[in-house]
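Report on the structure given below.
The values are calculated or read from the model by the stated rules, or taken from the named source; none is laboratory data. Being a predicted model, the structure only gives us computed values, none of them experimental. Counting neighbours? That spans all protein chains shown, and the Cβs are built from the backbone with ideal geometry, glycine included.
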Amino acid sequence: GGVGMPTGAYVVPKTIWLPAMKAKGLEISGTFARRAGVLHMELSLTNKAMSVMSDFAVQFNRNSFGLAPAGPLQVVAPLNPNQTTEMGLPLSTVGPVMKMEPLNNLQVAVKNNIDVFYFSCQYPISILFVEDGKMERQVFLATWKDIPNDSEAQYQIKDCHLNSDAASARLQSSNIFTIAKRTVDGQDMLYQSIKLTNGIWVLVELRVQTGNPTYMLSVKCRAAEVSQLVHQCYEMVLKN
Amino acid sequence: ELEDGLDEAFSRLAESRTNP
């Protein structure tokens, strides 16, 4: 987008999830995106076999946040040898839940007329950040106090050259909302909130010091294992 | 008044985090 235009959330480029040699010639690459509040798995299917492929279907294993296909896989026509087709598969978050390791791991089964194939992929937790994740300021202060300090995780984010306002704007495109900003001893302290699709809240303090390319990120969340994934998202959003 | 109180509370939080 141009100056002042929202650029939307960052989407990781597609990577190969299922190499053709492991799937009798079917190659699958993909990524995840949240577009206008709807989660999508974006897929490219390539037929590297010598015969036509058809009758595609997809299924997910139970996973940490209940991700499930919200409809069938829309492969419009049989896929000819050397042909690639691209599609977006809308996802719901009301599927069966089972805690995965890592938390953001997703096990997928894809079938076609030849066989059934399995692969695992990992989604950025930011696809689960909902649009109404701006916490009331009063609630933020109470919750921040309420979560004990030993549940606080701290991370450094290096080589970041945005000022705090630019960082805040970029994070908001990914549904990370700045609730308050204070400047103390030359450091901008941003207090931010995130809400996941399953109702889990994440509270964040981001410290940005003018001229210092290393940000300090402090994350408080009652589900402590979410913090590391939130850190990964900050790295991804702030550096792309 | 509540808003003022919240502004003040965030200032205190930031201050306490920087100079504990």
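A quick yes/no check of all residues on (1) over 24 Å from A:ARG170 (Cα atoms); (2) in a strand (DSSP E or B):
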position: A:TYR10; (1), (2): no, no
position: A:SER29; (1), (2): yes, yes
position: A:GLU42; (1), (2): no, yes
position: A:ALA49; (1), (2): yes, no
position: A:GLN74; (1), (2): yes, no
position: A:LEU89; (1), (2): yes, yes
position: A:GLU101; (1), (2): yes, no
position: A:VAL108; (1), (2): yes, yes
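I'd like the full set of residues that are closer than 13 Å to A:LEU39 by Cα, touching a residue at least 60 places away in the same chain (Cβ under 8 Å) and of a type outside the set (D, E, K, R), limited to region A:77-135.
Hits for region A:77-135 are A:THR93, A:TYR123, A:PRO124, A:ILE125, A:SER126, A:ILE127, A:LEU128, A:PHE129, A:VAL130.
Can you tell me which residue in chain B is surrounded by the fewest Cβ atoms within 10 Å (Cβ to Cβ), limited to those that are within 7 Å of chain A (Cβ to nearest Cβ) and over 8 Å from the mean Cα position of the chain (by Cα)?
Residue satisfying both the conditions and the ranking: B:THR18.
Got a number for residues in region A:61-76 being under 20 Å from A:GLY37 (Cβ atoms) and aliphatic (A, V, I, L, M)?
Selection size over region A:61-76: 3.
Mind listing whichever residues of region A:165-200 are free of Cβ contacts under 8 Å to residues at least 40 places away in the same chain and of a type in the set (Gly, Ala, Ser)? Show your work before the answer.
Initial filter on region A:165-200 (free of Cβ contacts under 8 Å to residues at least 40 places away in the same chain): A:165-166, A:168-169, A:172, A:178, A:181-190, A:192, A:199-200.
Residues satisfying the conditions are A:ALA166, A:SER168, A:ALA169, A:GLY186, A:GLY199.
So A:GLN156 passes all but one of these: (1) surrounded by fewer than 17 Cβ atoms within 10 Å (Cβ to Cβ); (2) within 29 Å of A:THR210 (Cβ to Cβ); (3) without any contact (Cβ under 8 Å) to a residue 12 or more places away in the chain. Which condition number does it fail?
Checking A:GLN156 against (1) surrounded by fewer than 17 Cβ atoms within 10 Å (Cβ to Cβ); (2) within 29 Å of A:THR210 (Cβ to Cβ); (3) without any contact (Cβ under 8 Å) to a residue 12 or more places away in the chain, the one that fails is (3).
Which one is farthest from the chain's Cα centre (by Cα) among residues in region A:207-219 that are part of a strand (DSSP E or B) and in contact (Cβ under 8 Å) with a residue 40 or more places away in the chain?
Selected residue: A:VAL208.
For region A:143-162, how many residues are of a type in the set (Asp, Glu), within 14 Å of another protein chain (Cβ to nearest Cβ) and assigned to a helix (DSSP H, G or I)?
Final tally of qualifying residues: 1.
So in region A:61-76, with the set limited to residues that are of a type outside the set (S, T, N, Q) and touching a residue at least 40 places away in the same chain (Cβ under 8 Å), which one is surrounded by the most Cβ atoms within 10 Å (Cβ to Cβ)?
The qualifying residue surrounded by the most Cβ atoms within 10 Å (Cβ to Cβ) is A:LEU67.
If I filter region A:220-230 for residues that are of a type outside the set (Ser, Thr, Tyr), in contact (Cβ under 8 Å) with a residue 60 or more places away in the chain and closer than 14 Å to A:ALA167 by Cβ, do I get at least one hit?
no
Given the criteria part of a strand (DSSP E or B) and in contact with a strand residue (DSSP E or B) (Cβ under 7 Å, 6 or more places away or on another chain), does A:VAL204 qualify?
Here the answer is yes, as A:VAL204 does meet what is asked.
Give the number of residues within region A:114-142 that are within 14 Å of another protein chain (Cβ to nearest Cβ) and surrounded by fewer than 17 Cβ atoms within 10 Å (Cβ to Cβ).
Residues flagged as within 14 Å of another protein chain (Cβ to nearest Cβ) and surrounded by fewer than 17 Cβ atoms within 10 Å (Cβ to Cβ) within region A:114-142 amount to 4.
Considering only residues that are at pLDDT 95 or above and part of a loop (DSSP other than H, G, I, E, B), look in region A:174-195 and name the one that is farthest from the other protein chains (Cβ to nearest Cβ).
Selected residue: A:SER174.
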